[in-house]
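Step one of this worksheet: look at the structure below.
The values are calculated or read from the model by the stated rules, or taken from the named source; none is laboratory data. Fair warning: this is a prediction, and the values are worked out from it, not measured in the lab. All Cβ positions, even for glycine, are placed from backbone atoms using ideal geometry, and neighbour counts span all protein chains on display. Each accessible area value is taken on the protein alone, full model and side chains, heavy atoms only, with ligands, DNA and RNA left out. Shrake-Rupley method; radii C 1.70, N 1.55, O 1.52, S 1.80 Å.
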Amino acid sequence: MSPNSSATLQMRPVISPSRLGLAWGFVGILAFSFTVPFTRVAVGGMSPLFIGSGRAVIAAALAAAALALFKQPRPRGIQWVRLAVVAGGVVVGFPLLTSFALTTAPASRGAVLIALLPAATAVMAVIRAKERPPASFWMMAVIGAAAAIVFAALQGGGFAQLALSDLLLFGAVVAAAIGYAEGGLLARELGSWQTVSWALVIAAPLMVILTVIASVQQPPTGTPIQWAAFAYLAAVSMFLGFFAWYRGLAIGPMAQVSQVQLIQPVLSIMWAALLLREELLWSTILGGIAVILCAGIAVRARLTRPTLIPSGIPTRGRDDTGGGKG
């Protein structure tokens with residue numbers, strides 16, 4: 001077998017000609033799109049601390065059971081540190097920050113600000129992989145962030161009136177971007193569902209303590225619908241959704257699969273209107289379009305023109321080393 005054919009065989013699983021990675025990515029994003037509206041439902045009868053920590057505890061129990069049932073080997077060495085980064089972003093940071101933010105912010109507004117996540121994750125992946133994307137990437141990432149800030153300011157009555165919920169949502173975007181980018185890379189070593197499972201297990205002791213504190217301070221008294229929303233956040237948003245999302249990122253190419261996330265805010269805004277009867281204002285629609293367009297252009301700008309080897313397989317400009325989102 002020639003060197004060219006050997007290299008071709010090694011790269012075929014990453015290129016994913018069957019678009020299986022995109023399909024898995026879409027399933028994950030569809031699951032995540034209900035997170036913001038269902039969090040908005042749950043905070044009506046439970047404290048944000050209980051929602052953010054309690055859902056992680058339930059998800060960790062499911063994860064521990066799955067790891068034990070399938071007898072998964074433990075991570076080794078630096079993988080534990082990288083899992084702690086994933087846990088800090090997607091298990092601790094994003095759930096807690098969004099839960100507190102959505103006690104006052106409408107779900108549709110939260111969805112618009114979280115639309116920054118695709119570009120933010122691409123930035124984190126660029127930093128993590130030490131890439132040198134074109135200037136247009138950085139320009140659109142900055143413009144997208146500015147568009148989100150302007151939207152939040154206009155909704156809140158001016159830049160001096162930016163609400164605490166807006167700052168919490170921006171913090172949630174940064175936390176999730178770090179966790180998604182690192183998790184997408186780690187999923188290629190540990191496996192997709194194994195990555196999120198170990199991250200949940202690592203964060204479990206802290207989240208158990210926070211859940212106990214939240215239950216003592218404000219005992220949860222939700223309605224059946226609110227408990228159903230909480231159950232979805234625990235089982236799907238915190239666990240099963242990541243199976244599909246990290247699976248798609250692991251199959252790759254990550255930069256292309258990550259673009260699927262651009263439809264998440266659109267779906268979340270739609271669910272907020274249909275399920276919560278939130279009024280869709282033109283400012284919300286236009287703000288969402290502006291942020292999504294900027295994020296989409298930024299993610300696409302990160303893809304460089306491939307250089308072909310004789311077999312016709314691109315070896316450069318492909319996102320083998322990292323950076324997706326979720």
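Which one is most open to solvent (accessible area, probe 1.4 Å) among residues in segment 74-92 that are of a type outside the set (A, V, I, L, M) and within 14 Å of the chain's Cα centre (by Cα)?
So, considering only residues that are of a type outside the set (A, V, I, L, M) and within 14 Å of the chain's Cα centre (by Cα), the one most open to solvent (accessible area, probe 1.4 Å) is GLY88.
Just one of (1) out of contact with any helix residue (DSSP H, G or I) (no Cβ under 7 Å at 6 or more places or on another chain); (2) open to solvent by 10 Å² or more (accessible area, probe 1.4 Å); (3) of a type outside the set (Asp, Glu) trips up ALA120, so point out which.
Among (1) out of contact with any helix residue (DSSP H, G or I) (no Cβ under 7 Å at 6 or more places or on another chain); (2) open to solvent by 10 Å² or more (accessible area, probe 1.4 Å); (3) of a type outside the set (Asp, Glu), the lone unmet condition for ALA120 is (1).
For segment 7-29, indicate whether the set of residues that are modelled with pLDDT of 85 or more, open to solvent by less than 60 Å² (accessible area, probe 1.4 Å), of a type in the set (Gly, Ala, Ser) and under 26 Å from VAL216 (Cβ atoms) is non-empty.
Within segment 7-29 (the criterion being modelled with pLDDT of 85 or more, open to solvent by less than 60 Å² (accessible area, probe 1.4 Å), of a type in the set (Gly, Ala, Ser) and under 26 Å from VAL216 (Cβ atoms)), the answer is no, since none of the residues qualifies.
Looking for something open to solvent by 20 Å² or more (accessible area, probe 1.4 Å), under 24 Å from ALA59 (Cβ atoms) and of a type in the set (Gly, Ala, Ser) - is there at least one such residue anywhere in segment 153-168?
Checked against the condition, which is being open to solvent by 20 Å² or more (accessible area, probe 1.4 Å), under 24 Å from ALA59 (Cβ atoms) and of a type in the set (Gly, Ala, Ser), segment 153-168 yields no hits at all.
Conditions (1) of a type in the set (A, V, I, L, M, F, W, C); (2) open to solvent by 60 Å² or more (accessible area, probe 1.4 Å), marked per residue:
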residue	(1), (2)
PHE170	yes, no
ALA199	yes, no
LEU206	yes, yes
ILE213	yes, yes
GLN218	no, yes
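Restricting the search to segment 93-113, which residues are open to solvent by 10 Å² or more (accessible area, probe 1.4 Å) and either on the phi > 0 side of the Ramachandran plot or not hydroxyl-bearing (Ser, Thr, Tyr) (or both)?
If the condition is that a residue be open to solvent by 10 Å² or more (accessible area, probe 1.4 Å) and either on the phi > 0 side of the Ramachandran plot or not hydroxyl-bearing (Ser, Thr, Tyr) (or both), then GLY93, PHE94, LEU96, LEU97, PHE100, PRO106, ARG109 are the ones that fit.
Which of (1) open to solvent by 10 Å² or more (accessible area, probe 1.4 Å); (2) under 28 Å from LEU20 (Cα atoms); (3) part of a helix (DSSP H, G or I); (4) in contact (Cβ under 8 Å) with a residue 60 or more places away in the chain does PRO133 not meet, given it meets every other one?
PRO133 satisfies all of (1) open to solvent by 10 Å² or more (accessible area, probe 1.4 Å); (2) under 28 Å from LEU20 (Cα atoms); (3) part of a helix (DSSP H, G or I); (4) in contact (Cβ under 8 Å) with a residue 60 or more places away in the chain except (3).
Restricting the first residue to segment 80-102 and requiring it to be in contact (Cβ under 8 Å) with a residue 60 or more places away in the chain, which pairs with a second residue that is outside any helix (DSSP H, G or I) meet a Cβ separation below 8 Å and a spacing of at least six or different chains?
Partner pairs satisfying both residue conditions: LEU83/PRO75; VAL90/GLY326; SER99/VAL43; LEU102/VAL43.
Scan segment 170-191 for residues that are within 15 Å of the chain's Cα centre (by Cα) and more than 27 Å from LEU113 (Cβ to Cβ) and jot them down.
Listed by number, the list is empty, since nothing qualifies.
If the Cβ limit is 7 Å and pairs must be 6+ apart or interchain, which residue in segment 145-159 that is at negative phi pairs with which residue that is small (Gly, Ala, Ser) and at pLDDT below 75?
Here the result reads PHE159/ALA153, each pair linking segment 145-159 to a residue that is small (Gly, Ala, Ser) and at pLDDT below 75.
Being of a type outside the set (A, V, I, L, M) and in contact with a Ser or Thr (Cβ under 9 Å, 6 or more places away or on another chain) is the filter here; which residues of segment 41-74 pass it?
Selection gives GLY44, GLY45, SER47, PRO48, PHE50, GLY52, SER53, GLY54, ARG55, GLN72.
Output yes when any residue across segment 245-252 is surrounded by fewer than 22 Cβ atoms within 10 Å (Cβ to Cβ) and either among the β-branched types (Val, Ile, Thr) or in contact (Cβ under 8 Å) with a residue 24 or more places away in the chain (or both), and no when none is.
No, segment 245-252 contains no residue that is surrounded by fewer than 22 Cβ atoms within 10 Å (Cβ to Cβ) and either among the β-branched types (Val, Ile, Thr) or in contact (Cβ under 8 Å) with a residue 24 or more places away in the chain (or both).
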